[in-house]
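Heads up: the structure comes next, in structure tokens.
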Amino acid sequence: MDSMGLTPADIRNKTFRTVRLRPGYDEEDVDTLLDRIEATFAALRGGPLPDQLITAEEVLASKFRGTRLMSGYREDDVDEFLDVVARELREYGLGTVDDRPEPGALPEPPAVRKARRTDHAPPPLAPEPEPAPDRPAMRPEDIRNWTFAMTRLTTGYNEQEVDEFLDVAEATLAALRQDDPERITLTSTDVERVRFATTRARPGYDPAHVDAFLDEFAAELRRYER
């Protein structure tokens with residue numbers, strides 16, 4: 001975890017430019033959110049556990065009262081910092097509220113989650129649907145073992161977001177093959193609409209390769225939906 005950029009002290013000592021004659025964010029609202037973020041990062045680094053860890057989803061969904069005739073934090077400064085916070089929370093495994101562990105527990109380290117995704121045995125399979133004449137049916141293990149080329153000096157897709165999507169895609173396909181509708185979380189339309197954050201100054205997955213996978217996976221889901 002020490003490789004993560006932000007520390008609790010970084011959050012505690014974070015300052016934003018203020019505005020007075022144009023819209024800004026209420027300082028008390030922002031400071032309250034930063035307290036929750038600091039408590040979560042402190043827990044992830046071995047500190048005391050708060051009642052509830054905050055997730056990237058909650059950070060990005062935060063709303064603040066606006067200010068105009070009184071001092072407030074500059075909105076773009078706050079938004080940019082919260083984007084950084086959300087990105088690091090995803091790397092810790094706290095992307096959505098569904099990722100949040102039970103009170104008193106921490107999320108699995110990224111290396112453990114990656115190993116579990118690649119090493120666990122596939123679940124028992126129901127009879128496969130009739131494959132299209134020109135290609136075999138996709139299997140959950142195909143998704144688990146899918147690899148993408150990496151970009152370094154050009155725009156790529158955020159690796160963590162793509163990996164999290166692959167976990168959901170694998171679980172959805174396994175549920176379809178087990179005829180377990182309660183565990184199906186994706187439709188072909190969801191896949192066609194998915195969007196990932198992009199990277200430029202650091203490695204990311206090749207967008208063309210990821211998009212090709214999405215097209216193939218959406219086609220696979222449409223076979224079941226028919």
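If you filter segment 35-57 down to residues that are touching a helix residue (DSSP H, G or I) at 6+ places or on another chain (Cβ under 7 Å) and assigned to a helix (DSSP H, G or I), you find that the one that is farthest from ASN13 (Cα to Cα) is GLU57. Within segment 48-104, the set of residues being small (Gly, Ala, Ser) and surrounded by fewer than 13 Cβ atoms within 10 Å (Cβ to Cβ) comprises ALA61, GLY66, SER71, GLY104.
Candidates are the residues of segment 190-226 that are outside any helix (DSSP H, G or I) and exposed (fewer than 12 other Cβ atoms within 10 Å of the Cβ); the one that is modelled with the lowest pLDDT is ALA201.
When every residue of segment 170-189 is checked against the conditions, none turns out to be open to solvent by 70 Å² or more (accessible area, probe 1.4 Å), part of a loop (DSSP other than H, G, I, E, B) and at pLDDT below 85.
The lone criterion from (1) surrounded by 11 or more Cβ atoms within 10 Å (Cβ to Cβ); (2) under 24 Å from the mean Cα position of the chain (by Cα); (3) in contact (Cβ under 8 Å) with a residue 60 or more places away in the chain left unmet by GLY5 is number (1). Mind listing whichever residues of segment 1-34 are in a loop (DSSP other than H, G, I, E, B) and not charged (D, E, K, R)? Selection gives MET1, SER3, MET4, GLY5, LEU6, THR7, ASN13, THR15, PHE16, LEU21, PRO23. Evaluation of LEU94 against the conditions (1) under 16 Å from ASP163 (Cβ atoms); (2) in a helix (DSSP H, G or I); (3) of a type in the set (A, V, I, L, M); (4) at pLDDT 85 or above shows that the sole unmet condition is (2). Taking VAL112 as the residue in question, decide whether it is in a helix (DSSP H, G or I), farther than 18 Å from ARG223 by Cα, out of contact with any Cys (no Cβ under 9 Å at 6 or more places or on another chain) and modelled with pLDDT under 90. Judged against the criteria, VAL112 is a match.
The values are calculated or read from the model by the stated rules, or taken from the named source; none is laboratory data. Treat the numbers as computed from the prediction; the structure is a model and nothing was measured. Please note: Cβ atoms are built from the backbone with ideal geometry, for glycine as well, and neighbour counts cover all protein chains shown. Remember, those area values only see protein heavy atoms, side chains included, never the ligands or the DNA or RNA. Shrake-Rupley method; radii C 1.70, N 1.55, O 1.52, S 1.80 Å.
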